[in-house]
Amino acid sequence: MTESKKKELVRMALEARTFAYAPYSGFRVGAALLAKDGRIFTGCNVENAAYGPSNCAERTAVFKAVSEGARDFTAIAVAGGAGEDAPDRYTAPCGVCRQVLMEFCAPERFLVLLGKGDLTWEEYTLAELLPVSFSPQNLQ
Ligand code: THU
C-alpha cells in the first residue's frame, strides 16, 4: 500500500469526523475503511441519549461496507479527538471495534492507521492491536 493511499485514508477519516454525532461525550471520531476492490467506506461515531446504543466510527464504516457487499479489507484510518479542532493526538480503536475488524480482516496484513490533524499517522497491524484473539477460525 502506497504512502499516498495511506494519507488519503487519513484525510478521509478526518473528513468523516466532521459528521460525528457526539453530543454526550463531545469526542468526535472518523474512520475510512479501504476495501480490496478499491472502495473506501467512511464512518463516524453516532451517539444516543440512552448511551448504550452508541456506535463507534470504525463499526459504522465496517457495517456500511458489509451492507454494501464488501467483506475483504486492506486498511482502516481512524482520527479522533475532543471538540471541533483537528486532533493532535492519536486515537486507537476500542476493543469492541478491534473484535469486529477481526471478523473480516486478515490480522497479520490488515493495517490500522491512527491519524492526526496534521496528516501524520502511526500504523499497526490488527494482530498487534488484538493479539491472542478469538476469530471465525476458532469456530471451524
Ligand atoms: N469512539 C469511536 O468512535 N471510536 C474509537 O476508536 C474510540 C471511541 C467513540 C465512542 C463514543 O461516541 C466516543 O468516541 C467517546 O468514547
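Residues of segment 16-58 being more than 20 Å from ALA106 (Cα to Cα), among the small types (Gly, Ala, Ser) and more than 11 Å from the ligand (Cβ to nearest atom), which ones? Those that are more than 20 Å from ALA106 (Cα to Cα), among the small types (Gly, Ala, Ser) and more than 11 Å from the ligand (Cβ to nearest atom): ALA49, ALA50, GLY52.
Hey, does segment 70-80 have a residue that's within 12 Å of the ligand (Cβ to nearest atom) and polar (S, T, N, Q)? No, there is no match, as no residue in segment 70-80 is within 12 Å of the ligand (Cβ to nearest atom) and polar (S, T, N, Q). Applying the selection to segment 81-97, what residues are more than 20 Å from TYR124 (Cβ to Cβ) and either within 8 Å of the ligand (Cβ to nearest atom) or charged (D, E, K, R) (or both)? Matches in segment 81-97: GLU84, ASP85.
ALA13: within 10 Å of the chain's Cα centre (by Cα), within 15 Å of the ligand (Cβ to nearest atom) and surrounded by 12 or more Cβ atoms within 10 Å (Cβ to Cβ), yes or no? Yes.
Each value in this text was obtained by applying a stated rule to the coordinates, not by laboratory testing. Not measured: the values here are computed from a predicted model. Counting neighbours? That spans all protein chains shown, and the Cβs are built from the backbone with ideal geometry, glycine included.
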